[in-house]
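Each reported figure results from applying straightforward, stated rules to the coordinates on display, with no laboratory input. Predicted, not measured: the structure shown is a model, and the values here were computed from it. Positions of Cβ are generated from backbone atoms using ideal geometry, with glycine treated the same way; all protein chains shown enter the neighbour counts.
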Amino acid sequence: MRCHKCKNTAVAKSTEQKPLCERHFLSYFEGKVKKTISQFKLLKKNERIAVACSGGKDSVTVLVLLHQWGYKVTALLIDEGIKNYRDRTKEELERICKTNAIPLRVVSYKEKFGSSLDGILAKRKDIRACTVCGVFRRTLLHRSSKHFDVLVTGHNLDDEAQAALMNLFKGQTSLLERMGPRSSGEHGFTSRVKPLYFCTEKEVRTYSFLRRFPLSYVECPNASGALRMEFSHALNQLESLQPGSKLHFLRNFLKNTKKLHTITTAVRHCAICGDPSSGATCKSCQFQQQLVNA
Ligand code: SF4
């Protein structure tokens, strides 16, 4: 297979299924990220930017790219305390930040909630790891990004297509409105932006591999039981039958989201921690009382 631009050996295909050599794939990928940033007005050069980092390929890719393009980034790692996973990705991220002189801030469940995720799971076999992990993670990202102008996440096209499908499936229409490359900061939340929104998981993997980022590509051991994986398999199957399906779905989803009838839940403040909450106390404080302090 030959690159459609220069006839050198192709290493990957674009979303439009055009073969590209290493050099042209790298510039195609970077061009796509830059276009998303400018089209959706995601970032400004003078903003203080926190990049939510897991140490995985997506967040490392967006972190290094923004740093290279002159944005003022700080890496923000939430350490859930997952043995043989987070300790490894944390080390990798520390190395990458050191090499590139990027500031890094680490915030842990243990330090902020009194227990690691592994510690909670060891005591409570009846709960799903991702349910509590997702709530605690959102809380710490919110609290730790308060002093930044914007929070960048490494969500890619596959993540977003899965989330859109899951929210539709569960009838969580109030969440659909908030989806897209940018969610504006309201109710005291920092604006969140997703520069990799139109890059597939495969493209990010190829890019990070070609850039030779020192990553082990290790997966969270709790991910396999997650419902999201089922949606991921379904979308991958569709994509293999009809290449470009995920992008097509996400574009149409974005176009139609605002037309959906949604019920906006009034946002109050948690009686315990004061964070924005739809109930009298937020989910994070409820979990803390039930799972950590019990
Ligand atoms: Fe947390 Fe689940 Fe993600 Fe693992 S897969 S980091 S448990 S949300």
Quiz item: aspartates and glutamates near K45 by alpha-carbon distance under 13 Å, same-chain residues fewer than 8 away left out - which ones?
Solution: D149
Quiz item: What relative contact order, as a whole-number percentage, does the chain give when Cα pairs under 8 Å and 6 or more residues apart are counted?
Solution: 19
Practice problem: On a C-alpha basis, how far is the centre of the range 8-43 from the centre of the range 124-176 in Å? Whole number, if you could? | Solution: 26
Exercise. Let me know the Rg and Dmax you get for the range 1-70 when you use only its Cα atoms, in Å.
Key: 14.5, 43
Quiz item: If you build a Gaussian network model of the chain, linking Cα atoms that sit under 10 Å apart, which residue out of E111, E30, E22 swings the most?
Solution: E111
Quiz item: So what's the angle, to the nearest 10 degrees on a 0 to 90 scale, between helix 22-39 and the longest Cα principal axis of the chain?
Solution: 50
Quiz prompt | Mean shadow area of the chain, taken as a quarter of the surface of its Cα convex hull (nm²) | solution = 16.0
Self-check item: Förster-model FRET efficiency, 51 Å R0, N100 and A280, C-beta, rounded to 0.05
Solution: 0.70
Quiz item: How far is helix 227-241 tilted, in degrees, relative to the longest principal axis of the Cα atoms in the chain, given as a value from 0 to 90 rounded to the nearest 10?
Solution: 20
Practice problem: Please state the charge dipole magnitude for the chain, taken about the Cα centre, from unit charges on C-beta atoms (+1 on K and R, -1 on D and E), reported in debye and rounded to the nearest 20. | Solution: 660
Quiz item: 222 nm [θ] for the chain, helices only, -39500 (n - 2.57) per DSSP H run of 4+, per residue, to 500?
Solution: -14000 deg cm²/dmol
Self-check item: Fluctuation leader among R251, R212, R48 - the chain, Gaussian network, Cα springs under 10 angstrom
Solution: R212
Practice problem: Give me the angle, in degrees from 0 to 90, between the Cα long axis of helix 86-100 and the longest principal axis of the Cα atoms of the chain, rounded to the nearest 10. | Solution: 60
Practice problem: Go ahead and run the numbers for FRET between N293 and K83, Cβ-Cβ distance against an R0 of 30 Å, rounding to 0.05. | Solution: 0.85
Exercise. Counting residues in the range 133-223 as N, plug N into 2.2 N^0.38 Å and put the Cα Rg over that result.
Key: 1.21
Quiz item: Relative contact order (percent) for the range 46-140, with alpha-carbon contacts under 8 angstrom and 6 or more residues of separation?
Solution: 26
Quiz prompt | Listed residue pairs exceeding 26 Å between alpha carbons, taken from K44/K112; K13/K35; K32/K90; K13/K34; K123/K194 | solution = K44/K112; K32/K90; K123/K194
